[in-house]
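Here's the structure, in structure tokens; my notes come after.
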Protein chains: 2
Amino acid sequence: MINQADDLSTTFAALADPTRRAILARLAKGEATVSELAKPFSISLQAVSKHLKVLERAGLIARGRDRQLRPSKIQGKALGAAAGWLEDYRSFWDESFDRLEEHLK
Amino acid sequence: MINQADDLSTTFAALADPTRRAILARLAKGEATVSELAKPFSISLQAVSKHLKVLERAGLIARGRDRQLRPSKIQGKALGAAAGWLEDYRSFWDESFDRLEEHLK
């Protein structure tokens, strides 16, 4: 129970950064190496590596064994756990969308 | 675009704490005052107030105007935005559940 809570905290903390979310969005299209990831973000390889370490520790990505390239790949389990936690609150956000929709009519 | 990214970061950061998630779980059952929230967690009123401020800043709760009681209430919009972001990755976590299911057979 406590472990699960900690895992969720680590996942949410890793997602609390726009660059890390952009990296995940890029990886959703397919595996990529550090240099492939660094290009579109115009940040240093070191900065990308640091973000990848945070994502890897949170179980959000896995990295290949190739010592040079180590392509990164999305891992679904932690994302699923975060989505599962939020799912319990669906009635609250569905309700707020309903109200928004009503307001727009 | 940048604002939306920041809002999402603030939401995920607020969710990256087991006590704050437990407070939201309690508020899912109905509005509660600071002292009502402090009881089951056996933490100080000050600590609860601090967590509530983080949740309020992230738009996850709103607080009543009553100067003394100020009951807290869940706000769905930020939770919905977080769930919406995760929804884009559904294929990854569905896939990992499929693999788990297959493994368990």
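Every number here is computed from the coordinates shown, using simple stated rules; none is lab data. Keep in mind that this is a model prediction, so the values were computed, not measured. Cβ atoms come from the backbone with ideal geometry, glycine included; neighbour counts cover every protein chain shown.
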- Distances from residue B:41 to the same residue in each other copy, label points 7 Å out along Cα→Cβ, in nm, shortest first? 3.2
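Set the bar at 24 Å for Cα to Cα. Now go through A:53/A:73; A:73/B:77; A:29/B:77 and name every pair that lies beyond it.
The answer is A:73/B:77; A:29/B:77.
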- How big is the range A:37-91 by Rg and Dmax over its Cα atoms, in Å? 14.2, 47
- Assertion target for A:41, A:12, ordered by fewest C-beta neighbours within 10 angstrom first, is A:41, A:12
- Looking at the range A:1-90 from every direction and averaging, what is the projected area of its Cα convex hull in nm²? 6.3
- Put a label point 7 Å from Cα along the Cβ direction on residue B:90, then list its distances to the equivalent points in the other copies in nm, shortest first. 1.0
- Task: Output, in nm with one decimal and in ascending order, the distances from the residue B:70 label point to the matching label points of the other copies (7 Å from Cα along Cα-to-Cβ).
- Result: 4.6
- Cut-off under 5 Å, modelled amide H: who pairs with residue B:43 long-range: none
- Message: Distance in whole Å from the B-onto-A rotation axis to the closest C-beta of chain B, together with the residue it belongs to, please.
- Response: B:12, 2
- Query: Among B:88, B:66, B:7, which comes first, second and so on when ranked by fewest other beta-carbon atoms within 10 Å?
  - Reply: B:66, B:88, B:7
